[in-house]
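Please read the structure below before turning to the comments.
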Amino acid sequence: MKLNQLLIQLFFYSAYKPIFKLKKFFLFLLIIISFISSSAQNNMGIGTNTPDASSVLDISANDKGVLVPRLTTQQRQNIPNPFSKTTIIPFILENDMNDVAILVTDLTGKTLINLPVVAIKGENKIEINSSQLYQGVFIYHLSVSGSVVDSKRMVVK
């Protein structure tokens, strides 16, 4: 390569070097801004442009409410199901009762857990720990005064 060609290439590279650096800077800045804006969108608002930062969903309205789906007593189930550590069993009683129990049986009918519960009129709940069970399918029963009034299935994983 001739010295003239080398000098011309060197001149053009050094003349355009600041432009190349500026392009790289703007590309880097664009990547950073897009990352910040995408990570900042971790909550959502309905009826508001500025949802509360501590909420996942912020609903604001002065003339309307929120209708949460309701479950009947028959639709209620232990939450979560299947579970691995603990689950909560909700149940509703029409009166205050002292002789209430939650029985957990295996599929052969063998009682594995018998939890007496002092329950009040209305909604009640009890927590079941899987440490007393093994992996599998179980039936839990709500017993009132010795009679089973409801049974549901639960799965321990």
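The set of residues in the stretch 23-79 being of a type in the set (D, E, K, R), modelled with pLDDT of 70 or more and part of a loop (DSSP other than H, G, I, E, B) consists of Asp52, Asp63, Lys64. Scanning the stretch 92-150 for residues that are part of a loop (DSSP other than H, G, I, E, B) and under 19 Å from Gln77 (Cβ atoms) turns up Asp106, Leu107, Leu133, Gln135. For the stretch 127-144, the set of residues classified as more than 25 Å from the chain's Cα centre (by Cα) and of a type in the set (Asp, Glu) is empty. Among the numbered conditions (1) touching a helix residue (DSSP H, G or I) at 6+ places or on another chain (Cβ under 8 Å); (2) on the phi > 0 side of the Ramachandran plot, the only one that Thr87 does not meet is (2).
The values are calculated or read from the model by the stated rules, or taken from the named source; none is laboratory data. Bear in mind the structure is a predicted one, so any value in this text is a computation, not a measurement. Positions of Cβ are backbone-derived with ideal geometry, glycine not excepted, and every protein chain shown enters the neighbour counts.
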